Structures are given as C-alpha cells and as structure tokens.
C-alpha cells in the first residue's frame with residue numbers, strides 16, 4: 001500500500017505480541033525486495049485500543065484478526081473496521097507462498113484504494 005499510495009499515513013500491527021520489535025520475516029522481505037519493495041525498516045508492534053483514535057480506518061488481514069481487533073474497540077467508537085480482501089489473506093509464514101500473498105495484497109490494496117477514493121475528502 002505504501003508503494004501505491006505514498007501520500008497516505010499507514011501503519012501495521014499484529015494482534016499478538018510474539019514478534020514485537022522484530023523486522024518482517026526474511027523470506028517475505030526477499031519476495032518483496034524482488035518487486036522493488038523495501039520492508040527492512042518495518043518493525044512489528046501489537047495493535048491496541050488506542051489505534052482506534054490514531055487511525056481513520058483499520059484493516060484486518062482475516063476474520064480472526066478482525067474479531068480480535070473488534071474486541072478491543074472502545075464502546076461506541078466510530079472508526080471503520082474491515083477486512084483487507086473478500087477472503088482471508090493467508091499467512092505466508094505457514095503457506096510459504098510469499099509471491100501469492102503479495103499478489104493478493106496488491107489486488108486487495110488497489111481495491112481498497114478504489115473503495116476509499118473520495119472518502120478521505122469528507
């Protein structure tokens with residue numbers, strides 16, 4: 001998404017704390033680098049309820065993460081919450097399909113940008 005929409009302020013966070021402070025998984029970094037995407041400066045952090053105040057839209061990679069994030073939503077908080085794609089984004093750590101994941105994310109990011117075009121100007 002950073003490559004497609006460099007003007008947007010974006011962040012990424014996991015719902016668990018397993019890898020807080022660590023860079024992205026090396027094979028995913030390599031797959032992204034082959035496409036000209038540099039993930040080396042990213043570091044994992046855990047999603048918190050404060051993120052509902054910090055961001056205008058929160059996007060989850062799958063329905064499990066969506067439920068975990070929704071459980072942290074402060075009562076009545078209006079920040080929209082949605083999934084990235086029409087289907088769950090498979091975790092390439094388990095599938096080993098780093099290129100397939102990147103293909104899916106690229107399509108999903110383009111679709112998300114189309115969905116929110118004009119929304120930012122409201």
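The values are calculated or read from the model by the stated rules, or taken from the named source; none is laboratory data. Because the structure is a prediction, the values reported are computed rather than measured. As a convention, Cβ positions derive from the backbone with ideal geometry for all residues, glycine included, and neighbour counts pool all protein chains shown.
A few comments on the model shown:
- Which listed residue is in contact with a strand residue (DSSP E or B) (Cβ under 8 Å, 6 or more places away or on another chain) and farther than 20 Å from residue 80 by Cβ, from 3, 44: 44
- In summary, residue 10 fulfils each of the numbered conditions (1) within 23 Å of residue 93 (Cβ to Cβ); (2) modelled with pLDDT of 95 or more with the single exception of condition (2).
- Within the stretch 104-122, the residues that satisfy the criterion of being modelled with pLDDT under 90 and either touching a helix residue (DSSP H, G or I) at 6+ places or on another chain (Cβ under 7 Å) or in a helix (DSSP H, G or I) (or both) are 115, 116, 119, 120, 121.
- Top-ranked residue of the stretch 85-102 - restricted to ones that are assigned to a helix (DSSP H, G or I) and free of Cβ contacts under 8 Å to residues at least 60 places away in the same chain, ranked as surrounded by the most Cβ atoms within 10 Å (Cβ to Cβ): 100
- Test: residue in the stretch 61-83 that is out of contact with any strand residue (DSSP E or B) (no Cβ under 8 Å at 6 or more places or on another chain), in contact (Cβ under 8 Å) with a residue 60 or more places away in the chain and either outside any helix (DSSP H, G or I) or surrounded by 13 or more Cβ atoms within 10 Å (Cβ to Cβ) (or both): no
- The stretch 43-60: number of residues that are surrounded by 17 or more Cβ atoms within 10 Å (Cβ to Cβ) and outside any loop (DSSP other than H, G, I, E, B): 5
- Residues in the stretch 15-36 that are touching a residue at least 40 places away in the same chain (Cβ under 8 Å) and surrounded by 15 or more Cβ atoms within 10 Å (Cβ to Cβ): 15, 25, 28, 31, 32.
- Within the stretch 26-42, being assigned to a loop (DSSP other than H, G, I, E, B) and under 16 Å from residue 105 (Cα atoms) holds for 34, 35, 36, 37, 38, 39.
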